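So the structure is just underneath, and the comments pick up after that.
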Amino acid sequence: MTAAIDIQSAHKRYGQKIAVHDLTLTVPAGELFAFLGPNGAGKTTTIKMICGLLHPQRGTIHVCGHAMGVNGLAAKARIAYVPDQPFLYDKLTGREFLHFVAAMYHVAPEERDTVLADLSEQLVMGDFLDKLTQSYSHGMKQKVVLASALLHDPDVLVIDEPMVGLDPRTVRMVKDLFRQRTQAGKTVFMSTHTLEIAEAVADRIGIINHGRVVALGKLSELRAQARAEHSLEDIFLQLTNPLVGATEDAVEL
Ligand code: ATP
């Protein structure tokens, strides 16, 4: 079966600094994948390559079988990206913004309104959707940006730090939403520093350090690999310990 995300030996450097080092990673359809790593490990760079916002110097990236950089539009039509800093137009209402995004993805107005009504109920957006987004709290912005990513029912949702700034009830809603999507065969790829959330919801976890995947698998497999009995936090701290087996940040000359 075609993988939802297939990264083969992707290599990305900025100048001489290698951010992602020959990274190979495959995420099957229907999986909730959590991507973890310390600051500067290469998560955002990887995510931007998956979404076609950055191109690797070497290697290939396929989304639902479409090669980024070759058949990029087809790949991008199957994907949605939610960055960690939600961006909205201040002078539009949430609903106007969502209509704008739906039009970009060629979602017909009737379908858009049906999906939007569901999302508005699920994410409890009814009381602010018709106000200008300049008046929104961080959490309200997050909800609208998440809704905008789901309007075209993407096969792959790539989301950077999905739970930051959300209240506990909304966190639960978002977790449920992710679970519903994966049960319907869709894929969620999320990067997070919140290890409890990764531990609670992810089917598989990948840990990146200095641009390389240092651990990959189910939580039970990571425990075995790290010979750690306890939490994901223990495993993470052990595998990314800068004092143990540290390779200095790689540079390519
Ligand atoms: P964080 O958890 O802090 O957001 P991250 O895992 O997302 O970190 P990246 O943003 O992918 O890490 O950065 C990986 C490395 O590449 C870092 O060393 C960073 O300094 C470097 N880097 C990222 N973007 C650029 C850029 N535009 N120019 C130069 N170096 C960059």
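Every number in this text was worked out from the coordinates using simple rules, so none of it is lab data. Note that this is a predicted model, so its numbers are computed, not measured. Don't worry about glycine lacking a Cβ; one is built from the backbone with ideal geometry, like all the others, and counts go over all protein chains shown.
Find which of Thr24, Ala215, Leu116 sits farthest along the positive direction of the dipole of the chain, computed with +1 on the beta-carbon of Lys and Arg, -1 on that of Asp and Glu, about the Cα centre.
Thr24
Using the number of other C-beta atoms within 10 angstrom as an exposure proxy, rank Thr192, Thr240 with the fewest first.
Ranked by crowding around the Cβ, least crowded first: Thr240, Thr192.
Counting alpha carbon pairs within less than 8 Å and at least 6 residues apart, what relative contact order, in whole percent, applies to region 51-128?
It rounds to 18 percent for region 51-128.
Would you work out which of Gly40, Met190, Ile159 lies farthest towards the positive end of the dipole of the chain? Charges go on Cβ: Lys and Arg +1, Asp and Glu -1.
Gly40
With the Cα gyration tensor of the chain in hand, give its eigenvalues times 5 under a square root as the equivalent ellipsoid semi-axes, listed largest first in whole angstrom.
For the chain, the ellipsoid semi-axes come out as 31, 21, 17 Å.
Roughly how big is the chain's charge dipole about its Cα centre, with Cβ charges of +1 (Lys, Arg) and -1 (Asp, Glu), in debye to the nearest 20?
The dipole of the chain has a size of about 440 debye.
Could you tell me the center-to-center distance, by alpha carbons, between region 81-104 and region 158-217 in angstrom?
So the two Cα centres are separated by 22 Å.
Which lysines have a Cα less than 20 Å from the Cα of Lys17, not counting those fewer than 8 places away in the same chain?
Lys43, Lys48
What ranking do Ser137, Ser231 get, fewest neighbouring Cβ atoms within 10 angstrom at the top?
Ser137, Ser231
Can you spot the lysines whose alpha carbon is less than 20 Å from Lys131's alpha carbon? Ignore those fewer than 8 places along the same chain.
Lys91, Lys141, Lys143
If you consider only alpha-carbon coordinates, what radius of gyration and Dmax does region 59-195 have, in Å?
Looking at region 59-195, its Cα Rg and Dmax stand at 14.8, 46 Å.
For region 72-216, give the magnitude of the charge dipole about the Cα centre (Cβ charges: +1 Lys/Arg, -1 Asp/Glu; no others), in debye to the nearest 20.
In debye, rounded to 20, region 72-216 gives about 320.
Can you give me the relative contact order of the chain as a percent, contacts being Cα pairs under 8 Å and 6 or more apart?
It comes to 27 percent, rounded to a whole number.
Which GluC sites (Glu not before Pro) does region 198-243 hold that lie in a coil by DSSP with at most 10 other beta carbons within 10 Å?
When the GluC sites (Glu not before Pro) of region 198-243 are filtered for loop state and at most 10 Cβ neighbours within 10 Å, Glu229 remain.
Over region 97-188, what relative contact order in percent results from Cα pairs under 8 Å that are six or more residues apart?
That works out to 32 percent.
Just from its helices, what would the mean residue ellipticity at 222 nm be for the chain, if runs of 4 or more DSSP H residues each count -39500 (n - 2.57) and the sum is divided by every residue, rounded to the nearest 500 deg cm²/dmol?
One gets -10500 deg cm²/dmol as the mean residue ellipticity at 222 nm.
Which of rounded, prolate or oblate describes region 1-67 when judged by the alpha-carbon gyration tensor and an a/c cut-off of 1.5?
Here region 1-67 falls in the oblate category.
Going toward the positive end of the dipole of the chain, with +1 on Lys and Arg Cβ and -1 on Asp and Glu Cβ, which of Leu98, Gly15, Leu237 do you reach last?
Gly15
Select from region 91-120 those trypsin sites (Lys or Arg not before Pro) which occupy a DSSP coil region and have at most 11 other Cβ atoms within 10 Å, ordered by residue number.
On the way: sites: Lys91, Arg95, Arg112; in loops: Lys91.
Taking region 91-120 and a limit of 11 other Cβ atoms within 10 Å, the loop trypsin sites (Lys or Arg not before Pro) found are Lys91.
Where a ≥ b ≥ c are the square roots of the eigenvalues of the C-alpha gyration tensor, would you call region 147-212 rounded, which needs a/c under 1.5, or, failing that, prolate if a/b is larger than b/c, or oblate?
Details: a/c = 1.64, a/b = 1.24, b/c = 1.33.
Here region 147-212 falls in the oblate category.
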